[in-house]
Amino acid sequence: MSSAGTTPPPPDETPSTTPDSGASRGVPALPDGSGGFAAELRDAISFRAFLLVVGGLLIQLAFIVSYLGAFHSPTPHRIPAAVVAPAQVAGKVAAQLNGLPGEPVKAVVVADEAEARRQIMNRTVDAAILINPAGKTDSLLVASAGGPSVSQTAAQIAQSVEKTQHRQVTVTDIKAPNKEDGRGLSSFYLVIGWVVGGYLTASILGVAGGARPVNRHRTAIRLGTLALFAVVSGLGGAIIVDPVFSALTGHFVALWAIGALVVFAAAAVTTALQTLCGIIGIGLSILLFVVMGNPSAGGVYPASLLPRFWSAIGQSLPPGAGTTAVRNTVYFGGSATSGPLWVLAAYAVAGVVVAMATVVVRDRRAGAGTGAGAGAVAGQEPS
């Protein structure tokens, strides 16, 4: 029996102790005790989450625009070509090629076939036309390992021009891709895999440990971890393309080193962007490496077939620089690789410097703020 004057509370007035109740999260409760759908929606989707979704949509649309803009209508523009011909006609042939509508070719006269071959192999030119004054058939030298699409385009242009002169042209490929390299795209796919691994691993570390590292020691540890990962990743890629698939053979150590540099460049830049911008830095990395970097890299279509914007930025971004470094190392004796390697090194160094400098500046500001606050408290007079 209950004590006199004491009335047990009715069941519907018993306080709720359920941890997931709407009231515990500040969500207005309906008469039946549950949160309304609109209130749950506002609680589930914050303004920050909304902005991130909008950012994802914009990156997606930028991806579509970039790839279609680069690839929807490849058009030759100033393909570097050499002309070998008797002195009395060489200048006329070069002028004719340079005067074609749309400037598809940038022709220069060279002394002989040996010089033309040398310039193709050191990547000064992509093709060479050899004029035979004693007959009606000329020769076109190409190196499809540098990009089959540009070699095919050069052949089409030469055949079209020769036809107007009632002449014929035979095409000789002086450097074709390896048999297991198919259409010469292994370099591109290898570098894209390395770049993705670099920025993806840096992003995972950022999500797991905080996009903005708490201090300079954590930043150094994260960068050191990424450097070790880059070495392992470069080794893994070299193993896959050489002994496993035999696509890019004979340069194992060089590919390993290039791969490590590519991976660390992408990872260091991603870390720097996260340190500066938080989780938004991941989106900026995707914009830089995937949206802008991949279509301009010269993998599917070399720079001379891309629209001017993509051809201009391609070799200044890690995917393009890495693809050129790998391709020229494997097929062209390392010619014209110093520029791409310097680009990759610049990204790696810039990523480390920006990440560390950002954390140091932030630590100093935090320390100054703490010191000022302590000084203000110490200077207060007792009440």
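Quick notes on this structure:
- Members of region 125-142 found to be touching a Lys or Arg at 6+ places or on another chain (Cβ under 8 Å) and either open to solvent by 10 Å² or more (accessible area, probe 1.4 Å) or polar (S, T, N, Q) (or both), listed by number: 136, 137
- Residue list for region 259-294, filter: outside any helix (DSSP H, G or I) and of a type in the set (A, V, I, L, M, F, W, C): 279
- Pair list, Cβ < 6 Å and 6+ apart or interchain, from region 45-62 residues that are over 13 Å from residue 290 (Cβ atoms) to residues that are surrounded by 11 or more Cβ atoms within 10 Å (Cβ to Cβ) and of a type outside the set (D, E, K, R): 55/283
- Residue 347 vs. criteria more than 19 Å from the chain's Cα centre (by Cα), crowded, with 16+ Cβ neighbours inside 10 Å and closer than 22 Å to residue 259 by Cβ: no
Results for (1) part of a helix (DSSP H, G or I); (2) closer than 17 Å to residue 324 by Cα; (3) modelled with pLDDT of 95 or more; (4) touching a Phe, Trp or Tyr at 6+ places or on another chain (Cβ under 7 Å), shown as yes or no for each residue.
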site	(1), (2), (3), (4)
207	yes, no, no, no
214	no, no, no, no
226	yes, no, yes, yes
242	yes, no, yes, yes
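- Pair list, Cβ < 8 Å and 6+ apart or interchain, from region 83-106 residues that are without any contact (Cβ under 8 Å) to a residue 24 or more places away in the chain to residues that are surrounded by 13 or more Cβ atoms within 10 Å (Cβ to Cβ): 91/109; 94/83; 94/107; 94/108; 94/109; 98/105; 98/106; 98/107
- Condition check for residue 248: open to solvent by 10 Å² or more (accessible area, probe 1.4 Å) and of a type outside the set (Ser, Thr, Tyr): no
- Meets criteria (crowded, with 18+ Cβ neighbours inside 10 Å and of a type in the set (Val, Ile, Thr)) for residue 192: yes
- Candidates 284, 228, 305, filtered to the one that is free of Cβ contacts under 8 Å to residues at least 12 places away in the same chain and either under 22 Å from residue 337 (Cβ atoms) or touching a helix residue (DSSP H, G or I) at 6+ places or on another chain (Cβ under 6 Å) (or both): 284
- Close pairs (7 angstrom Cβ cut-off, 6 or more residues apart or separate chains): of a type in the set (S, T, N, Q) in region 237-254, surrounded by 16 or more Cβ atoms within 10 Å (Cβ to Cβ) and not in a loop (DSSP other than H, G, I, E, B) anywhere: 249/242
- Output for region 140-181, where each listed residue is in a loop (DSSP other than H, G, I, E, B) and in contact (Cβ under 8 Å) with a residue 24 or more places away in the chain: 143, 147, 166, 167, 174, 175, 176, 177, 178
The values are calculated or read from the model by the stated rules, or taken from the named source; none is laboratory data. Because the structure is predicted, anything quoted here is derived from the model rather than measured. A quick note on method: Cβ atoms are made from the backbone with ideal geometry, for glycine too, and the neighbour counts reach across all protein chains shown. Note: accessible area is taken over every heavy atom of the protein model, side chains too, but ligands, DNA and RNA are not part of it. Shrake-Rupley method; radii C 1.70, N 1.55, O 1.52, S 1.80 Å.
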